[in-house]
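Structure, as structure tokens:
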Amino acid sequence: MNGTVLSDSLIMLRRSLRRMRRYPSLTFFIAGIPVVLMLLFVYVFGSTLGAGLPGPSAVEGGLDAYIAYVVPGILLITVAGAAQGTAISVAMDMTAGIIARFRTMAIARASVLTGHVLGALIQTMLATLLVLVIAVVIGFRPSTGPVEWLAAAGLLALTAVAISWLSVGLGLHAESVETASNTPMFLLLLPFLSSGFVPAESMAGPLAWFAEHQPFTPIIETLRGLLMGTPIGDSGVIAVAWCVVLSVTGYVWSLRLYERVPATAAQA
Amino acid sequence: MTTQTPKTSAIKVRGLRKSFGKRLVLDGIDLDVPEGTVFALLGPNGAGKTTAIHILTTLLAPDAGEILVGGHDVVRRADAVRRLIGLTGQVSAVDAQFTGEENLRLMADLHHLGRDGGRARVTELLERFDLIDDAGKPAATYSGGMRRRLDLAMTLMGDPRIIFLDEPTTGLDPRSRRVMWDTIRDLAAGGTTILLTTQYLEEADRLANGIAMLDGGRVVAQGTPGELKRLVPGGNVRLEFGDAAGLERAALALGADLASRDDASLALELPNEGGVHALRELFQRLDTAGVEVEALSVRSADLDDVFLSLTGRRDGQEVPTP
């Protein structure tokens, strides 16, 4: 009679998916920002930035080389951008009082939050696919086999899980829906300070150090390697490790916040 | 932990204390709610009613005290408690983006009622709470009363044995309030234990078998409405007369002292419990004295008097009573 974590999470996932179906514009909105950024970087800065890239590909033509270089970063921007929507829907649940109902029911404690994470994962993967299709339309030509495709999708999913758990925590931590829509913005900025748009070593001293050591850089390097065949080195292991560490941190943090009394309930 | 609890106690609280930072909200509360009864926590805003509800429903941890709900400790056996209870709080716990039917379906799924069983129960609850015509509309478009009904319907999905209602009629129009009262009575008639909070003395008087008056985090009185009313002097009878001579003769005939005389409005106010027998005796004495009475009013003690006599002030609320 008491539900398992899995069955309760699936019920909560259905709730997230229903909301997604009801407001499909949200998924397009998530894909919108990265698409605009991609067009901007490729068609405005692309030739110049592409010519400055190291390696033989730059000689053939700046624009094409830059498309090949920037798309993995754009895909990561898509994943990071979805964080805002997740944080907002979690914060909306919290302020709407429905969480108080869930917390007084005999359902698996983590299931409400897991439902949000699984929903966000599906939404993120759909938005990423949309961005990828547009990237191919404007000239992105990945040189990769089915195994690499699968690995790339897996890495994106892993990153999406890590970011979703962090956003669930941010959504729970926020006192209001407004705060929840602002705090995840730093996640959108991080890919710019990585090797996503220009090589990390081309940045100014301290920034280059930061770019080389922050989680997005190994993830982007691995993705680029899988899609374009550039060397991956130890980036793969570091990327996966970052994802696991961030997921576990986000999960533990979120569950602790979930157990805490909602701010609205402490009144009166 | 079940040994010291008699079977008849749905809720048993001993020495419940809770503070938020330095603010002491509950200062040693004892409660006893027998199974199948309606119990009201009565008190002004800030008395600690909602905090007590949150602790009893496992939303909030107590600082101290022994709290048993359905025989289970709310801290150590929270999940066992959750299987027995339902909560309709002050903040609406419906998903405004979804329709009434979808909200109820979600509850049916979480209670694992199965596909057919769940559907049947959703329809039953929609009909019972008069929501069938609006079942397909998002809850965001519902009126306050409809939302409260949907909220309660969601709470009832799992057939809880003990229901907590935090100010169930605050902000409702008179018609919706009456519907809510009927629902509460129906549930109690079906054997469900109900603990509700209210600021309205009338509401507690009408619905509850037992009342605890809460003030400043303490229970200042506990008992049946009748028992509480007996804590204050009984009611009185007010007699009004046509002229000063009438008042004079009546006062003489009834042996009324000076304090009960209201010379300005030519009235007498006498202690009298207002029963038929007592009134008949009163009129016989007035007839013997040949006094005509212009107007008569009987007033029995109400919970307002109890609150006044226990706390030394009228109920501190600013909200108008229903």
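Taking a straight Cα-Cα cut-off under 18 Å and skipping sequence neighbours fewer than 8 places away in the same chain, the aspartates and glutamates within cross-link reach of B:LYS137 are B:ASP95, B:GLU101, B:GLU102, B:GLU124, B:GLU127, B:ASP151. Geometric descriptor of the range B:190-277, per residue, is 175 Å³ (volume of the convex hull of the Cα atoms). All C-alpha pair distances within the range A:5-263, sorted into 10 Å bins from zero, spread as 7, 30, 33, 19, 8, 2, 0 percent across the bins. The C-alpha radius of gyration of chain B, expressed as a fraction of 2.2 N^0.38 Å, stands at 1.24. Pairs of Cα atoms under 8 Å, at least six residues apart: use those to get the relative contact order of chain A, whole percent. The value is 25 percent. Farthest towards the positive end of the charge dipole of chain B, among the residues B:THR50, B:GLY70, B:GLY255, is the Cα of B:GLY70, using unit charges on the Cβ of Lys, Arg, Asp and Glu.
For B:LYS49, a cut-off of 22 angstrom between C-alpha atoms picks up these lysines, skipping any fewer than 8 places away in its own chain: B:LYS12, B:LYS18, B:LYS22, B:LYS229.
How many partner chain Cβ atoms sit within 10 Å of a residue's Cβ in peptide B:108-116, on average, as a whole number? Intermediate results must be reported in sequence, preceding the final value.
Values: counts 1, 8, 13, 5, 7, 0, 0, 0, 0.
Averaged over the peptide's residues, the number is 4.
Calculate for chain A the 222 nm mean residue ellipticity that helices alone would give, adding -39,500 (n - 2.57) per DSSP H run of length 4 or more and normalising by residue count, nearest 500 deg cm²/dmol.
On the way: 13 runs with 198 residues, N = 268.
Mean residue ellipticity, 222 nm, calculated: -24500 deg cm²/dmol.
Dividing the Cα radius of gyration of the range B:43-104 by its Kirkwood radius returns 1.06 for Rg/Rh.
In chain B, the longest principal axis of the Cα atoms and the axis of helix B:115-128 are about 20 degrees apart. Kindly express, to the nearest 10 degrees and within the range 0 to 90, the angle between helix A:25-40's C-alpha long axis and the longest C-alpha principal axis of chain A. Around 20 degrees separate the two axes.
Around B:PRO168, with a cut-off of 10 angstrom between Cβ atoms, what is the net charge of the other residues, counting Lys and Arg +1 and Asp and Glu -1? Local net charge: -2.
Working note: Cα atoms of the protein assembly as shown, range along each principal axis, descending, whole Å: 125, 51, 48. Counting charges near A:PRO199 (Lys, Arg +1; Asp, Glu -1) among other residues having Cβ under 14 Å from its Cβ returns a value of -2. Sorting the segments A:224-233, A:244-253, B:48-57 by their mean number of nearby beta carbons within 10 angstrom, highest to lowest, gives B:48-57, A:224-233, A:244-253. Across the range A:176-268, the convex hull enclosing all Cα atoms gives 129 Å³ per residue. Sequence-distant contacts, meaning Cα pairs under 8 Å at least 6 residues apart, place the relative contact order of the range B:236-299 at 53 percent. Compared with the dominant principal axis of the Cα atoms in chain A, helix A:235-259 is inclined by about 20°. With contacts taken as Cα pairs under 8 Å at a separation of at least 6 residues, the range B:9-229 carries a relative contact order of 30 percent. Dimensions of the range B:236-299 based on its C-alpha atoms, expressed as ranges along the principal axes with the largest first, amount to 27, 23, 20 Å.
Bear in mind these aren't lab numbers, they're just calculated from the coordinates by the rules spelled out. Not measured: the values here are computed from a predicted model. Here Cβ is always computed from backbone atoms with ideal geometry, including for glycine, and neighbour counts include all displayed protein chains.
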